[in-house]
Amino acid sequence: MTQSEAALAGGDVALALKSFEQAAAREHATDIEQGIVRAHMQAGEYRRALAFAAHTAGAHGDEVGGAVLYAWLLNAGGQGAFARQLLEGVERRVPGQAVVALALAQLRAPWPRATDALLLGPTRLAPMGVPGAMPPGLHVVGSGVLIDQGRRALVPADLVARPEAVWLRDGLGREAQAEVERRLDPLGLVLLKLASPMPGAASWRRPPRDAFAGSPVYTLEHAVASSPDPAWPLLRLGFLGAGQGLGIDVPAGPHGGPVVDAAGRLVGVALPGSSSTEGAARVPVSALAEALGGLLGPVAESPPNARLPMDELYELALPLTLQVLTPSRPSPDSSKR
């Protein structure tokens, strides 16, 4: 177990998974199985992680860590109501468990974040990150979208309004420093160039035309935080609004995450709404393509009514949805959301 955790913390996911599985062959224990779940998440295998977390939660009902991890992954993948119902049942069955109460309180918040005991092993509800890679004093100020096979990113212009260090972290905990390559002021975005590409990053597919109002869409974004802790993005679903409105009922925030259609194609970038009644807006893919061309990825037609399962869609977007970190503190209002 010590070797497994060390390998996971050091970024050697293959060794971590092998070591956890060797431990599992010797003993059927929830802490070992939680390690396997976290290793799958670190590898970007959300569907395998979710399936194994379901097994862990069901096979070890007397130990709450597996259920907490399973509920957190369900919520991250857009199944918040089921996740809360699951933990409420655990709380009734095994009362007085601090980690359950803490996780449930976060799942009831607009922007759930793993804090304090929720970042401790073996249940840790977040990717590992790379120790010491980032300078001290950074804060998560919003979300971004990885493009151009991991070489560039789009983030809201307000997040990098001043010339300062910008760091990006994907949903697998991998980090890179970035600098402003071009300001896309008419779109409210900035194009960043990464100092080193995210390894193995895939390209988005995009539709040949903008999605129509009322079509099902999803957004993936990170919670703003005063700490630099890694996190898995949160998926939310809804129906596209008219005009530039996002349409999805999302909490207020700086936004910046990808908006994808039911086929898993990038159809826009989420931005804050222009008024108090408009929670969030979007930059449509047609405007992005006009400004960026082939950097967005290839155009892909999809059959009518094509729809990916939510777990597959989340897995696709997990390494392409970024935390944006800068020395600027998030505003007090944003950090509470």
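The values are calculated or read from the model by the stated rules, or taken from the named source; none is laboratory data. Bear in mind that the values here come from a model prediction, so they are computed numbers and not experimental data. For neighbour counting, all protein chains shown are included, and Cβ atoms are generated from backbone atoms with ideal geometry for every residue, glycine included. Remember, those area values only see protein heavy atoms, side chains included, never the ligands or the DNA or RNA. Shrake-Rupley method; radii C 1.70, N 1.55, O 1.52, S 1.80 Å.
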Descending semi-axes in Å of region 120-247, equivalent ellipsoid built from Cα gyration tensor:
26, 19, 15
Å² of accessible area per residue within region 197-262, as computed with a 1.4 Å probe and no ligands counted
36 Å²
Carbon and sulfur together cover what percent of the accessible area of region 21-60 at a 1.4 Å probe radius?
45 percent
per DSSP, antiparallel bridges as share of beta bridges in region 81-203, % nearest 5, sits at 100 percent
Here the Cα Rg-to-2.2 N^0.38 Å ratio for region 2-60 is 1.01
Convex hull of Cα atoms in region 17-137, direction-averaged projection (nm²)
8.2 nm²
Calculated on alpha-carbon atoms, Rg and Dmax of region 190-252 in Å:
15.1, 39
Residue-normalised value, i.e. accessible area per residue, for region 1-112 at 1.4 Å probe, in Å², stands at 44 Å²
Accessible carbon and sulfur surface of region 187-324 relative to its total accessible area, %, 1.4 Å:
57 percent
Would you mind listing how long the chain runs along its three principal axes, going by Cα atoms, in whole Å with the largest first?
57, 41, 40
Check each of the GluC sites (Glu not before Pro) in region 161-198 and keep only those in coil by DSSP with at most 15 other C-beta atoms within 10 angstrom; list them in order.
E164
Sum of side-chain charges, V13 neighbourhood, beta-carbon under 10 Å (Lys, Arg +1; Asp, Glu -1):
0
May I ask for the net charge around L125, where only other residues with Cβ less than 14 Å from the Cβ of L125 are counted and Lys, Arg are +1 while Asp, Glu are -1?
+1
Accessible area of region 79-130 belonging to carbon and sulfur atoms, whole % at 1.4 Å probe
55 percent
